[in-house]
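Structure first, commentary second.
The values are calculated or read from the model by the stated rules, or taken from the named source; none is laboratory data. None of the values given here were measured: they were computed from a predicted structure. With ideal geometry, Cβ positions are generated from the backbone for all residues, glycine too; neighbour counts draw on all protein chains shown. Heads up: the accessible areas ignore ligands, DNA and RNA and are worked out on the full protein's heavy atoms, side chains in. Shrake-Rupley method; radii C 1.70, N 1.55, O 1.52, S 1.80 Å.
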Amino acid sequence: MHTSPTIRKVFEGVATRPEMYGMFNRHRGDPAMAEGDAAQLFAGEWFELAEREHDYMLEILPPLWMRGDMFAMREFMTASVTSVFLSPLIDGQMRWFHGYCDLSDRASPERMKAAIIERESRPVRAMTREERLEHIWSSTHDYYRGYAGERWPAAVRGRRTVLVYAGRHGTALKLLDELTEAEIAAKLPVQLRHLPEAVAA
């Protein structure tokens, strides 16, 4: 039986081209990449981009396939996971998205599309805690993020870390998923800090 990955938004707003490429590389340095077991890192991730970036990616290489309002990239990120670009109508307006789909599951692109439409059709703009953390990870420069290594307790090694301000003590590395609400707010762009808390689907 095929286990479907969690479909998750990893960036709030419309990504610019540099941000898009940054998100293509957001797992660089993850221990799973070196071990060749990175499919679970990518499959299910998605973010919004502009029409220009969508069309640019369509023109780079002939797509693996095109189906209505989506196409898949011929080059695979890892194993059977590749980029799928979508242009669905949401509330009567065309928008453009990128998602990583595991094509060993033929239904994954349609499931990704349905999840994006459901998420983006909500009447009030809001973010879950997980989406805030993913946005922080996606938008933080490689120099200020990393993975818990040998200096960390064995139980947390390999988990994501980010640099946080530690008051008069300067800065310190902290596990991403252990950031406090205040630390999350400090790391988010001003326009995202006061969005209401969304209920996870």
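Which residue pairs have Cβ atoms closer than 6 Å, lie 6 or more positions apart in sequence or on different chains, and pair a first residue in the stretch 30-57 that is modelled with pLDDT under 85 with a second residue that is assigned to a strand (DSSP E or B) and not small (Gly, Ala, Ser)?
Taking only residues 6 or more apart or on different chains, the pairs are Ala38/Thr78; Ala39/Thr78; Ala39/Val81.
Considering only the stretch 77-89, how many residues are farther than 16 Å from Ala115 by Cβ and either free of Cβ contacts under 8 Å to residues at least 24 places away in the same chain or not in a strand (DSSP E or B) (or both)?
The qualifying residues number 3.
Tell me, which helices (runs of 4 or more DSSP H) wholly within the stretch 98-201 include 3 or more residues that are at pLDDT 90 or above and over 16 Å from the mean Cα position of the chain (by Cα)?
Helices (runs of 4 or more DSSP H) meeting the threshold: 108-120, 181-187.
Yes/no matrix, rows are residues, columns are (1) open to solvent by 20 Å² or more (accessible area, probe 1.4 Å); (2) closer than 18 Å to Met20 by Cβ; (3) not aliphatic (A, V, I, L, M):
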site: Glu48; (1), (2), (3): yes, yes, yes
site: Asp55; (1), (2), (3): yes, yes, yes
site: Leu58; (1), (2), (3): yes, yes, no
site: Met66; (1), (2), (3): yes, no, no
site: Phe97; (1), (2), (3): no, yes, yes
site: His141; (1), (2), (3): yes, yes, yes
site: Tyr147; (1), (2), (3): yes, no, yes
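Considering only the stretch 109-148, state which residues are farther than 24 Å from Ser87 by Cβ and among the acidic types (Asp, Glu).
Glu130, Asp142
Can you give me the number of residues within the stretch 22-39 that are under 18 Å from Gly146 (Cα atoms) and in a helix (DSSP H, G or I)?
7
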